1. Using a probe radius of 1.4 Å on heavy atoms only, what accessible surface per residue do you get for the chain? Whole Å² is fine.
2. Which value at 222 nm does the chain reach when only helices count, each DSSP H run of 4 or more adding -39,500 (n - 2.57), with the total divided by all residues and rounded to the nearest 500 deg cm²/dmol?
3. Students sometimes get this wrong: rank Val8, Val75 by accessible area, probe 1.4 Å, all chains present, largest first.
4. What does the accessible area of His6 come to, in Å² to the nearest 10, when a probe of 1.4 Å is used?
5. Which peptide among 39-45, 11-17 comes first, and what is the full order, when sorted by highest mean count of other Cβ atoms within 10 Å?
6. Kirkwood hydrodynamic radius of the stretch 18-80 from all distinct Cα pairs, in Å?
7. Per residue of the stretch 89-103, what does 6.51 cos²θ - 1.76 cosθ + 1.60 with θ = phi - 60° give for ³J(HN,Hα)? Whole Hz please, x for Gly and Pro, Karplus curve as stated.
8. Could you grab the Rg to Rh ratio for the stretch 1-50? Cα atoms only, Kirkwood for Rh.
Amino acid sequence: PELEPHEVALAALREMEGKEFDSRLFAFEVSEITRRYVEGRFGYQAMDKTGMEFLEVLHKLPLDTEHTDRMARLVRRWDMSKYAGTEFSDERRQRDLDLVRDMVEMTRPVEGEGEEGGAENESGEAI
């Protein structure tokens, strides 16, 4: 059976745990995991969005304001690392993984709910 988007994302995040990455590669990897999850779970086109466009998508997710703001800071930091070479510590990387994991856990379907979630995708369809 095909894995659900949250299962794929959580497995990919576990795989990143404890691995040595430079900040730029880490930013690309965790950004891709996050975007693939959002795309698979909610139906938003996320992979081809700029960081700023992806921030608009994040604001449509069923997250509280605090988590949306924290995810927005991550996206900005990842872009700074990917395109300006900004470095961050191993501790910061772990906190980023933890925050993405929290976002996946908060937005995964409830048992028996399937992938329906009360939000809408870009086409306005219930997801």
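The values are calculated or read from the model by the stated rules, or taken from the named source; none is laboratory data. All of these numbers come straight from a predicted model, not from anything done at the bench. Every residue, glycine as well, gets a Cβ built from its backbone with ideal geometry; the counts of neighbours run over all protein chains shown. Only protein heavy atoms, including side chains, enter the accessible area calculation; ligands, DNA and RNA are left aside. Shrake-Rupley method; radii C 1.70, N 1.55, O 1.52, S 1.80 Å.
1. Numbers: 7220 Å² over 127 residues.
Here the per-residue accessible area is 57 Å².
2. Values: 5 runs with 78 residues, N = 127.
Only helices count here, giving -20500 deg cm²/dmol.
3. Greatest to least solvent exposure: Val8, Val75.
4. Counting only protein heavy atoms, the figure is 20 Å².
5. 39-45, 11-17
6. 12.1
7. Each residue's phi maps through the Karplus curve to give 6, 4, 5, 5, 4, 5, 5, 4, 4, 4, 5, 5, 4, 4, 4 Hz.
8. Computed over Cα atoms, the ratio is 1.00.
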